[in-house]
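Notes for the one structure printed next.
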Amino acid sequence: MSGHHSTAGMDPNHIGHAGGSGPPSHAARAAGSKRVIAGYGFWIFLLSDIIMFAAFFASYAVLTDATAKGPSGRDLFDLHGVAWETACLLLSSFTSGIATIGVWARRKSWFYGGMAVTFVLGATFLGLELREFTSLVARDAGPSRSAFLSAFFTLVGCHGLHVTAGLLWLLTMMAQVWAKGFRPDILRRVLCFSLFWHALDIVWVALFSVVYLMGAGR
Amino acid sequence: MSEHARQADIAPGDEPIDDREIAKGVRGYLIGLGLATLLTVVSFVVAGTGWVWAPSIPIALAVLAVAQMGVHLVFFLHITTGPDNVNNVMALAFGVLIVFLVIAGSLWIVSHLNQNMLPMDQIMQMQR
């Protein structure tokens, strides 16, 4: 970390700075601005990721009626399973919030506990989703059956892949905090992870509303 | 302008340092969880029962979903209207604009396309 003494050069526009009149030391401000820059950069990435989801949502919305005389959402969707998936993901957003509190309160038990429960809930969500996918494929409603089902598997599967990546990232964060402690660089990664996890839950809100609830009713 | 604009930015997802009390933090997440659960349950009830006039169900679901996303943004991602969050909100607003353009534009264009084209099975007939 050689950046502490050359902050002016790294941050010429004073992007993360408290206007020059602050009690926080130079090094503390530099660390703070680095956190803001990392979080903001990841925020931009998340928004672009959501725009990608929007494209998949658009193609799904356009293709919902293109069932090629095959099954439609009303014939296929099981809202009980979706309700359980929703409960898992919503609770996991809450527990990842508890892990975040554990970080700034410097309580490792809260962090590990929150992250562990988040992992279990996320894995349960993935298991339920995989069960749904295999049952659809077994009923001859796989992604190759119709344009509607292709769009469905692309959209929901893309979210599932994000959750899978999030679970791997979660384990990595637990291991890094365990091995290296609450270091500023590790904490920036934990911040980005929690942003990612909450954003996945926001995408799921759109998913269960648009795909499952609207689809089951039409 | 300059006095406010000079206030430090805050990373998305972070709460202001003065607000970091454990009880307060847990309460915030609990309120978010409660509101989100309520909106989710209402969504499932609206879709699963006949309590709401059927043609209005998609609009009702969309409104509930947008409300729940707002709850997530405020209580889980700590996006606020404060001066320390201006950059986060501006980026979010741009993202929402693009999302709206992509989805609404696609639906609009393709519905016109469908209106101006023969149904698909007739096209298939003509190609034989």
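The values are calculated or read from the model by the stated rules, or taken from the named source; none is laboratory data. Source: prediction; values computed, not measured. Glycine also receives a Cβ, built like all others from the backbone with ideal geometry; neighbour counts cover every protein chain displayed.
Points to keep in mind about this one:
- Residues in region A:144-165 that are among the polar types (S, T, N, Q) and part of a helix (DSSP H, G or I): A:S150, A:T154, A:T164.
- Restricting attention to region A:51-103, the residues being facing chain B (nearest Cβ under 8 Å) and either among the charged types (D, E, K, R) or touching an Asp or Glu at 6+ places or on another chain (Cβ under 8 Å) (or both) number 2.
- Test: residue in region A:166-182 that is outside any helix (DSSP H, G or I) and among the aromatic types (F, W, Y): yes
- For B:L30, the conditions (1) under 30 Å from A:S59 (Cβ atoms); (2) without any contact (Cβ under 8 Å) to a residue 24 or more places away in the chain; (3) among the hydrophobic types (A, V, I, L, M, F, W, C); (4) facing chain A (nearest Cβ under 10 Å) are fulfilled apart from (1).
- Candidate set from region A:93-143 (those that are part of a helix (DSSP H, G or I) and touching a Ser or Thr at 6+ places or on another chain (Cβ under 6 Å)); member that is surrounded by the fewest Cβ atoms within 10 Å (Cβ to Cβ): A:V117
- When region B:33-69 is filtered for residues that are in contact (Cβ under 8 Å) with a residue 12 or more places away in the chain, β-branched (V, I, T) and at the interface with chain A (Cβ under 10 Å from one of its Cβ atoms), the ones remaining, listed by number, are B:T40, B:V46.
- Qualifying helices (runs of 4 or more DSSP H) (wholly inside region A:1-92; at least 3 residues being under 30 Å from B:P119 (Cα atoms), at pLDDT 60 or above and not β-branched (V, I, T)): A:26-63, A:73-76
- Verdict on B:D19 being within 23 Å of A:R189 (Cβ to Cβ), in contact (Cβ under 8 Å) with a residue 12 or more places away in the chain and of a type in the set (D, E, K, R): no
- The residue list B:H112, B:H72 contains one member that is within 7 Å of chain A (Cβ to nearest Cβ) and either in a helix (DSSP H, G or I) or farther than 30 Å from A:K108 by Cα (or both), which is B:H72.
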